[in-house]
Amino acid sequence: MIIKLNQNKNGFSILESLIVLIIFCFFSGLFFIGLNLLRMNQKYDYFWNNFHSVWQYEIMISKKHKCETNVYFFTDEKIIFKNFYNKKMHTKTIKLSSDLVPTKYDTVRISENGFVSPKTIMWSSKNKKKNIRQTFQLGWGVYKIYE
């Protein structure tokens, strides 16, 4: 006597479902890693663009109001621009990205005519795993970044 098994299969087996779930998790992980790297690069670019804007603004203010601006590079994730004009202290703060910090506390001085003495600030980038050198060149507030 031959017993015929039911050949009507209405769904997936547990093994098939598990394989699909593993493949989905793998590709989801790759997607989120790529998304995180993209976000970190955007924060990095945003910081440098923001620094450049504030730097140019402070040079212009120093020239216009004939005042000195001091730029403080703190290792606790901020940069402070301070100057005194119109009988008032003016301060601008830039928050650093969590990835990028100066290796030591330092100060750069912008004189009343926008002149900046040569100076080098070293930065440490955790995600890019390298040091970045920012050099302020002798003269009118020009700086370069070397990665």
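What nm distance separates the two modelled labels at T91 and L35, each placed 7 Å from Cα along Cα→Cβ?
Distance between the two pseudo-spin positions: 3.7 nm.
Find, to one decimal place in angstroms, the Kirkwood hydrodynamic radius of the chain, where the mean of 1/r is taken over every pair of different Cα atoms and then inverted.
19.0
With angles folded into 0 to 90 degrees, how steeply does helix 14-65 sit against the dominant principal axis of the chain? Use alpha carbons for both and round to 10.
Taking the Cα atoms of the chain, the angle to 14-65 is about 10 degrees.
For N49 and D106 in the same chain, what is the full-extension length gain: residue separation times 0.36 nm, less their Cα-Cα distance, in nm?
On the way: separation 57, 0.36 × 57 = 20.52 nm, distance 2.04 nm.
Taking 0.36 nm per residue and subtracting the Cα distance, the gain is 18.5 nm.
Would you work out the relative contact order for the chain, in percent, from Cα pairs under 8 angstrom that are 6 or more residues apart?
Numbers: 217 pairs, mean separation 23.1, N = 147.
This gives 16 percent for the chain.
Apply the Karplus parameterisation 6.51 cos²θ - 1.76 cosθ + 1.60, with θ equal to phi minus 60°, to every residue of segment 132-147 and state each ³J(HN,Hα) to the nearest whole Hz, in sequence, with x for glycine and proline.
10, 10, 10, 10, 9, 8, 4, x, 8, x, 8, 9, 10, 10, 10, 9
In deg cm²/dmol, rounded to 500, what helix-only [θ] at 222 nm does the chain give when every DSSP H run of at least 4 residues adds -39500 (n - 2.57) and the total is split over its residues?
-13500 deg cm²/dmol
Once fully extended, how much extra length lies between F115 and K129, figured as 0.36 nm per residue of separation less the alpha-carbon to alpha-carbon distance? Don't skip to the end; give the middle numbers.
Working: separation 14, 0.36 × 14 = 5.04 nm, distance 3.29 nm.
Here the answer is 1.7 nm.
Only four residue types carry charge here, +1 at the Cβ of Lys and Arg and -1 at the Cβ of Asp and Glu. Report the dipole size of segment 15-146 about the Cα centre in Debye, rounded to the nearest 20.
So the magnitude is around 560 debye.
Coordinate-derived values only; no laboratory data. Fair warning: this is a prediction, and the values are worked out from it, not measured in the lab. For neighbour counting, all protein chains shown are included, and Cβ atoms are generated from backbone atoms with ideal geometry for every residue, glycine included.
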